[in-house]
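Heads up: the structure comes next, in structure tokens.
The values are calculated or read from the model by the stated rules, or taken from the named source; none is laboratory data. The shown structure was predicted, so the numbers you read here are calculated from the model rather than taken from an experiment. Here the Cβ is made from the backbone with ideal geometry for all residues, glycine too, and neighbour counts use every protein chain on show. Quick note on the areas: whole protein, heavy atoms, side chains included, nothing else; ligands and nucleic acids left out. Shrake-Rupley method; radii C 1.70, N 1.55, O 1.52, S 1.80 Å.
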Amino acid sequence: MRRSNRGLRAVTALVAVVLVAGCGSGPATPAPSAPTTPLATPDPHLAAPAHVDDVFRLVGSAGLKIVRNTASEGVKGDPIKRITATYADWPLVLTEFSSASALRSVGKFDTSERPQRGEAPYIVAGLNILIEYGPRNTNDPAPVPADEAHQKSLMALIAALDPLLGPLSQRSVQTIAMPGTPAPASQPPAAAQASPGS
């Protein structure tokens, strides 16, 4: 009887060893990894009709130092809202219209005409937003082009606006190189284009 107990114990021990070995952790094989998909870059372009508050906020987040002076909303109809600000010591006005066609008709935005007396020297439009940059001089027959420092500020502004509102159109005292379009022919410096008698 003792022998059969020993044999039974030996078999039980052997079975236990086999079971423990089978349940133990052997060399782990890594689970196949799924191929990584690149993250899509979000499109910053705004949908029409764009809101002038969004444009102002997003242009400011692009690193441009723009100081809001006032904001006013239209009573009824167009323009919907206007934000007046200062950028690089020059006036900047952003105006929201209900649509691109309202911008052209009510805002009198016509790319075939240059800015006239009392208008900003640089007027740009994208979607339903009108952007006017520069002083409005009522003494000269036409606005004077920007100096070199304000030209650089203008180009930084255009670079911030184009991804949001592009393609952009312009009504300017001198042609601005817009993203995606060939650079304009070289022009004389701003001082050479000043009004006669200066």
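Please give, to one decimal in nm, the separation of the simple spin-label points placed at residue 78 and residue 151, each 7 Å out from Cα toward the Cβ.
For residue 78 paired with residue 151, the spin-label model returns 3.3 nm.
Need one word for segment 73-131: rounded, prolate or oblate. Basis is the Cα gyration tensor (sqrt eigenvalues a ≥ b ≥ c); a/c below 1.5 gives rounded, then a/b vs b/c decides. Could the numbers behind the result be given before it?
On the way: a/c = 1.93, a/b = 1.18, b/c = 1.64.
Verdict is oblate for segment 73-131.
Hey, can you rank 127-137, 141-151 by average C-beta count inside 10 Å, highest first?
Values: 127-137: 21.5, 141-151: 16.4.
Listed from highest to lowest mean packing, they are 127-137, 141-151.
Provide 92, 168 ordered by accessible surface of protein heavy atoms (probe 1.4 Å), highest first.
On the way: 92 5, 168 25 Å².
Ranked from most to least accessible, the order is 168, 92.
In debye, nearest 20: dipole of segment 39-149 around its Cα centre with unit charges on the Cβ of K, R (+) and D, E (-)?
Its charge dipole is roughly 260 debye.
Per-residue HN-Hα couplings for segment 94-100, Karplus 6.51 cos²θ - 1.76 cosθ + 1.60 at θ = phi - 60°, whole Hz, x for Gly and Pro?
Residue by residue, segment 94-100 yields 10, 10, 9, 10, 5, 7, 5 Hz.
Can you tell me which of 155-165, 53-63 comes out highest on packing, and rank the rest after it, using the mean Cβ neighbours within 10 Å? Spell out each step's value before the answer.
Values: 155-165: 18.7, 53-63: 15.2.
Highest-to-lowest ranking by the protection proxy: 155-165, 53-63.
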